[in-house]
Amino acid sequence: MSQDQTDGGGSGTAPPGAGPPEYAELPEYAERVLDVAELIPPGRVMTYGDVAEWLGEGGPRQVGRVMALYGSAVPWWRVVRADGTLLPAHELRALEHYRAESTPLREASRHAEGHIPRIDMRHARWDGGVHPGGDARGRGGPGGPGEEAHT
């Protein structure tokens, strides 16, 4: 699995309505990142590093930067930090989406700042299903992220 020790490129993903105005043409890498974000099923998430690994290009910071600049048109709340913490300044909006989609959450302790829950990564993390090239991309099996497929 990728090392997702990143802040996701600044504040991370952009909520709807935030970010720069519509672009006539997105960079190819940005289009591919946004395509992956749209594939993530409701109630599931992928980390920035998972998206980069699934694409086989870039890293968590590059994915975070794309999401921060262009992510407002896709389900941005489904691309998350590896530790499951919600994005600062976007927690409440993301939490509404997570609750509406029944995304598994871990309630915050009473001592946690703001008592904001985290995503339960063990249950919410999506492995990407089938890769566009046709090979299975699942954790814990051949062809999963970071593994060679055995024939």
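The values are calculated or read from the model by the stated rules, or taken from the named source; none is laboratory data. All values derive from a computational prediction rather than experimental measurement. Positions of Cβ are backbone-derived with ideal geometry, glycine not excepted, and every protein chain shown enters the neighbour counts.
Overview of results
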| item | result |
| --- | --- |
| Boolean, ARG106 is over 26 Å from ARG32 (Cβ atoms), touching an Asp or Glu at 6+ places or on another chain (Cβ under 6 Å), among the basic types (Lys, Arg) and modelled with pLDDT under 95 | yes |
| Check on ARG65, buried (at least 17 other Cβ atoms within 10 Å of the Cβ) and of a type outside the set (A, V, I, L, M, F, W, C) | yes |
| Extreme residue, nearest to GLY84 (Cα to Cα), among residues of segment 40-64 that are part of a helix (DSSP H, G or I) and not hydrophobic (A, V, I, L, M, F, W, C) | TYR48 |
| Conditions (1) in contact with a Leu (Cβ under 7 Å, 6 or more places away or on another chain); (2) crowded, with 21+ Cβ neighbours inside 10 Å; (3) basic (Lys, Arg): number failed by ARG78 | (1) |
| Flag if TYR70 is among the hydroxyl-bearing types (Ser, Thr, Tyr), over 11 Å from ILE119 (Cβ atoms) and crowded, with 19+ Cβ neighbours inside 10 Å | yes |
| Subset of segment 50-62 (residues that are among the small types (Gly, Ala, Ser) and buried (at least 24 other Cβ atoms within 10 Å of the Cβ)) | ALA52 |
| VAL79 under 20 Å from VAL33 (Cβ atoms), touching a strand residue (DSSP E or B) at 6+ places or on another chain (Cβ under 7 Å) and modelled with pLDDT under 95 | no |
| Residue list for segment 60-113, restricted to those being closer than 15 Å to ARG125 by Cα and of a type in the set (Val, Ile, Thr) | VAL79, VAL80, THR85, THR103 |
